[in-house]
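Engineer: I am attaching a structure below and will ask some questions about it afterwards.
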Amino acid sequence: MVQKNTLKERIEKIIGACPNAENDYLEATDWLYDIDADKIDKIIADFEIKYENVLKECIQIIGDPTYNEKTNRSLIDEWYPEAIRISCWEMSDRLFYLSLEQHDTETPVSILIACKIP
């Protein structure tokens with residue numbers, strides 16, 4: 001059996017390769033074609049619980065986020081409007097983030113970690 005990297009290892013890999021690291025999708029649905037809005041809302045609610053659990057792990061590993069969608073939505077909307085939930089950690093010249101996203105109603109709902117140069 002192949003063992004997945006721990007969240008800590010995945011975070012370190014993303015930060016170390018920034019800005020060239022690909023987004024690391026921790027979990028994602030399939031495409032949501034022909035799914036009614038109530039079911040999509042339920043899927044998002046379930047993913048919000050999963051997001052909160054991953055956020056708690058991230059905080060244990062790298063500390064409290066610098067900001068999130070509740071404290072700085074306008075800034076986040078400038079570069080990541082599809083983020084339903086997001087927590088961002090400013091790290092010298094890098095911005096590491098954990099996100100719950102959905103681009104459109106038919107696209108997958110996903111939780112990912114990523115890093116960018118602001």
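Engineer: Between the DSSP loop rule and a limit of at most 15 other Cβ atoms within 10 Å, which chymotrypsin sites (Phe, Trp or Tyr not before Pro) in the stretch 1-86 are left?
Structural biologist: Trp31, Tyr33
Engineer: Measure nothing but the geometry: give the 0 to 90° angle between the long axis through the Cα atoms of 37-62 and the longest principal axis through the Cα atoms of the chain, rounded to 10°.
Structural biologist: 10 degrees
Engineer: Another question about this same structure. In the stretch 49-118, what GluC sites (Glu not before Pro) fall in a loop by DSSP, with at most 15 other Cβ atoms inside 10 Å?
Structural biologist: Passing both the DSSP loop test and the Cβ count: Glu82, Glu106.
Engineer: Same structure again: Would you work out the Kirkwood radius for the stretch 1-55? I mean one over the mean of 1/r across all pairs of different Cα atoms, in Å.
Structural biologist: This gives a value of 13.7 Å.
Engineer: Among the lysines, select those whose C-alpha is under 20 Å from the C-alpha of Lys42, and discard any that sit fewer than 8 residues away in the same chain.
Structural biologist: Result set, ordered by chain and number: Lys50.
Engineer: Trypsin sites (Lys or Arg not before Pro) within the stretch 1-107: which are DSSP loop residues with at most 14 other Cβ atoms inside 10 Å?
Structural biologist: Lys4, Lys70
Engineer: What's log10 of I(q)/I(0) for the stretch 40-81 at q = 0.32 Å⁻¹, Debye sum over Cα points only, no solvent?
Structural biologist: So the normalised log intensities are -0.95.
Engineer: Can you tell me which aspartates and glutamates have their Cα less than 20 Å from the Cα of Lys56? Leave out same-chain residues fewer than eight positions away.
Structural biologist: Partners found: Glu9, Glu12, Asp24, Glu27, Asp46, Glu48, Asp64, Glu69, Glu90, Glu101.
Engineer: Evaluate the stretch 22-116: find the radius of gyration of its Cα atoms, find its Kirkwood radius, and give the ratio Rg to Rh.
Structural biologist: The Rg/Rh ratio comes out at 0.97.
Values quoted throughout were computed directly from the atomic coordinates according to the rules given, and no laboratory measurement underlies them. These numbers come from a predicted model, not from an experiment. Backbone-built Cβ (ideal geometry, glycine too); neighbour counts: all protein chains shown.
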